[in-house]
Amino acid sequence: MTTDDPPAPEPDADATTSDSEETQGPTDPGDRILSLDVLRGFALLGILVINIWLFGLPMAGALNPTLYGDFSGGNYVAWFVSHVFFERKFVTLFTFLFGAGVVLFMESKERKNQPARRLQFRRLFWLLVIGLGHAYLLWHGDILVAYALCGFVIVFVRHWSPKRLLVLGLVMFALPSLLYLLGGAGYAMADADLQAEIEDDILVGFGADDIQNEIDTYQGGWLEQMDNRASTVLTLQTVGFVFESFWIYGGLMIVGMALYKWGVLSNERSSRFYRRLLVAGSTTGLALILTGVWYRELVAWDTAYVLLIAHQFNYWGSLLLGLAYVSAIMLLCRVAAGGLVTDALSAVGRTAFSNYLLQTVLATSIFYGHGLGLFGQLSRLELLGVVVLIWAIQIPLSVAWLNRFRFGPVEWVWRTLTYGERQPLRLEEDTEQDER
């Protein structure tokens, strides 16, 4: 999930009802908004295309593909497709949904006269606990901790109007970009000696000076990985969160709140609106992203220029292309609701928390030393093959699981912890409760 990163799980996709009962409990599976589940499943699967770089490659190779591995022929095509159509787009979608989910969850509890804020904070607390375990014990690319921490803050603006939310979200989102661009301007104006020093500092910060040590670490056993993983996670969750992650994810969550309130994410706008947004978002977004690719080539993949300036084309282009993806999914739900594709994506979306963690378990078992130990050994094209393999496991497993159970296994634990009482898991339990 989370990084996104990552992805992270969303609160229930509650449908609007007039329920005023005081019984505590999560949303019934029959009362969910299809478009939110389908969009979440789409986002969860797409996130893996980029997370696979973090799972399977040294960090320097994920930052700048010219720093590690073959970068020609099919491997360049694999990077190009992943960068243009996946990088940052799917974590953007998932973060939109998290913000929308905060509004959905609290509206649902308020309609039922339940303590909405207290339940939301309990929900976020347990998300934080699970995220910390995920980050320190399994994978440094965790996004759950950042989502939980942002959630504790954004809950206080959920009553704002959509326009105010959009402005606040975009301002927050723009701040890290501004800092990077200012850094890029400073780098461009520096003399050659200072540029070389800055470049070296960046490479050292991302471990490019000792890639083999990183490979040896993650090809080793679980205990051998801990020192590297713990130090990386600590940096990401402190300095990285304060100066970057909070503003990016918090801003996108708040934009997601606005989009939900406008009915964009719940498929309440006209087909004409979605078609226009699809065209506008895809053309402007792709123009920016492709300009960024051209700029990388122009500066000969100089790492400082790639990090400080080139990434910003994709940063903003992903926001626009992400909106185009939202529109495409809304239109898909209108023409193919109940079909094979929407049913499969919905199943993955309803079990997104479980699937996010399952991606980590499967990928680390493939790449890390306590499993097959393939870290740093596969090309980018081969990494995409691993993505397809994991999808082939997750999609049918999600559908099969929901044929018998109400929630994914981790979702069930999360809900039970949130409400402080065991929630029904098997579908038959609903029938038994009705009969009583």
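The values are calculated or read from the model by the stated rules, or taken from the named source; none is laboratory data. The shown structure was predicted, so the numbers you read here are calculated from the model rather than taken from an experiment. Because the Cβ atoms are built from the backbone with ideal geometry, glycine has one as well, and the counts that use them run over all protein chains shown.
Exactly one residue among 274, 180, 260 is surrounded by 14 or more Cβ atoms within 10 Å (Cβ to Cβ), of a type outside the set (A, V, I, L, M, F, W, C) and closer than 28 Å to residue 135 by Cα, and that residue is 180. Given the condition among the hydroxyl-bearing types (Ser, Thr, Tyr) and not in a helix (DSSP H, G or I), answer yes or no: does some residue in the range 179-197 qualify? Looking for residues that are among the hydroxyl-bearing types (Ser, Thr, Tyr) and not in a helix (DSSP H, G or I), one finds none in the range 179-197, hence no. Scanning the range 344-374 for residues that are outside any helix (DSSP H, G or I), of a type outside the set (S, T, N, Q) and within 23 Å of residue 145 (Cβ to Cβ), we see that the one that is nearest to the chain's Cα centre (by Cα) is 368. Among the residues examined, residue 287 does not qualify as touching a helix residue (DSSP H, G or I) at 6+ places or on another chain (Cβ under 9 Å), at pLDDT below 95 and of a type in the set (A, V, I, L, M).
For the range 89-138, give me each residue that is over 25 Å from residue 420 (Cβ atoms), surrounded by fewer than 24 Cβ atoms within 10 Å (Cβ to Cβ) and not hydrophobic (A, V, I, L, M, F, W, C). Of everything in the range 89-138, just one residue is over 25 Å from residue 420 (Cβ atoms), surrounded by fewer than 24 Cβ atoms within 10 Å (Cβ to Cβ) and not hydrophobic (A, V, I, L, M, F, W, C), namely 136. Pairing each residue of the range 142-166 that is buried (at least 16 other Cβ atoms within 10 Å of the Cβ) with any residue that is charged (D, E, K, R) and not in a helix (DSSP H, G or I), provided the two are 6+ apart or on different chains, yields C-beta distances under 6 Å for 143/4; 143/5. Given 368, 419, which one is among the aromatic types (Phe, Trp, Tyr) and closer than 24 Å to residue 217 by Cβ? Within the list 368, 419, the selection yields 368. If you go through the range 407-423 and keep only what is at pLDDT 95 or above and closer than 12 Å to residue 351 by Cβ, you end up with 408, 409, 410, 411, 412, 414.
For the range 292-308, a residue qualifies if it is surrounded by fewer than 15 Cβ atoms within 10 Å (Cβ to Cβ) and part of a helix (DSSP H, G or I), and the qualifying residues are 294, 297, 298. Residue under question is residue 269, and the condition is that it be over 19 Å from the mean Cα position of the chain (by Cα), under 13 Å from residue 330 (Cα atoms) and not in a helix (DSSP H, G or I); does it hold? Taking the combined requirement at face value, the residue satisfies it. Look at (1) touching a helix residue (DSSP H, G or I) at 6+ places or on another chain (Cβ under 6 Å); (2) of a type in the set (D, E, K, R); (3) within 30 Å of residue 224 (Cα to Cα) and you find that residue 382 fails only one, number (1). From the list 342, 283, the lone residue that is polar (S, T, N, Q) and either buried (at least 16 other Cβ atoms within 10 Å of the Cβ) or on the phi > 0 side of the Ramachandran plot (or both) is 342.
Tallying residues that are surrounded by 14 or more Cβ atoms within 10 Å (Cβ to Cβ), over 16 Å from the mean Cα position of the chain (by Cα) and of a type in the set (Phe, Trp, Tyr) within the range 217-257 yields 2.
Yes or no, residue by residue, for (1) more than 20 Å from residue 82 (Cβ to Cβ); (2) aromatic (Phe, Trp, Tyr); (3) part of a helix (DSSP H, G or I):
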{"residue": "378", "(1), (2), (3)": "no, no, no"}
{"residue": "383", "(1), (2), (3)": "no, no, yes"}
{"residue": "386", "(1), (2), (3)": "no, no, yes"}
{"residue": "389", "(1), (2), (3)": "no, no, yes"}
{"residue": "394", "(1), (2), (3)": "no, no, yes"}
{"residue": "398", "(1), (2), (3)": "yes, no, yes"}
{"residue": "412", "(1), (2), (3)": "yes, yes, yes"}
{"residue": "417", "(1), (2), (3)": "yes, no, yes"}
